[in-house]
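Asks: Take a look at the following structure, please.
The values are calculated or read from the model by the stated rules, or taken from the named source; none is laboratory data. Here the structure is a predicted model, which is why all the values come from computation and not from measurement. Ideal geometry is used to build each Cβ from the backbone, glycine not excepted, and the neighbour counts take in all protein chains shown.
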Amino acid sequence: SSTSVTDQNSPEAFKQNIQIALDQVARVNALARSGLNGIQNAYQAGNSPAQTEADLIALDQTLHSLADFLKTTGVGAYPLLPSGLRSAVSGPPTEQHLIAEMNREVQFLYEKLKRIQESSGVVAQHL
């Protein structure tokens, strides 16, 4: 039917938008790796600073494009897992997995802040 083609809320459109987003994420990843490689090898013979600059400019543009796409399609409300990160068998993470991961990250940040505060206290005592 012709209405399903133009309906941006249809499951088919959503699946297509997810695939487009995953393709753009892969492009961002490739550009970031290329730019990082160019920066790390900046002083190596045969490295092109112009190519590194072009990669970083393309990365910036692609990131803005991806962010706009995620906002306008609503796909950005869901976690996008790069296809190589998880096997198709394991599927998306469960809510319990996401909660456990968030708890680990919060604990890590708490411990980091605690160490910074303790170090600040030691420095303040020496002043």
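Asks: For the stretch 62-82, give me each residue that is surrounded by 12 or more Cβ atoms within 10 Å (Cβ to Cβ), small (Gly, Ala, Ser) and either modelled with pLDDT under 80 or assigned to a helix (DSSP H, G or I) (or both). Let's see the steps before the verdict.
Replies: As a first pass, look at the stretch 62-82 and keep what is surrounded by 12 or more Cβ atoms within 10 Å (Cβ to Cβ): 62-63, 65-67, 69-70, 73-76, 78, 80-81.
In the following step, the residues that additionally are small (Gly, Ala, Ser) were identified as 65, 67, 74, 76.
Of everything in the stretch 62-82, those that are surrounded by 12 or more Cβ atoms within 10 Å (Cβ to Cβ), small (Gly, Ala, Ser) and either modelled with pLDDT under 80 or assigned to a helix (DSSP H, G or I) (or both) turn out to be Ser65, Ala67, Gly76.
Asks: Answer yes if at least one residue in the stretch 45-54 is of a type in the set (Ser, Thr, Tyr), in contact with a Leu (Cβ under 8 Å, 6 or more places away or on another chain) and either surrounded by 12 or more Cβ atoms within 10 Å (Cβ to Cβ) or closer than 30 Å to Ile99 by Cβ (or both), and no otherwise.
Replies: Step one: of the stretch 45-54, the residues of a type in the set (Ser, Thr, Tyr) are 48, 52.
Right, trim to in contact with a Leu (Cβ under 8 Å, 6 or more places away or on another chain) and you get none.
No, because not a single residue in the stretch 45-54 is of a type in the set (Ser, Thr, Tyr), in contact with a Leu (Cβ under 8 Å, 6 or more places away or on another chain) and either surrounded by 12 or more Cβ atoms within 10 Å (Cβ to Cβ) or closer than 30 Å to Ile99 by Cβ (or both).
Asks: All but one of (1) in a helix (DSSP H, G or I); (2) free of Cβ contacts under 8 Å to residues at least 24 places away in the same chain hold for Leu59; state the number of the condition that does not hold.
Replies: Result: Leu59 passes all but (2).
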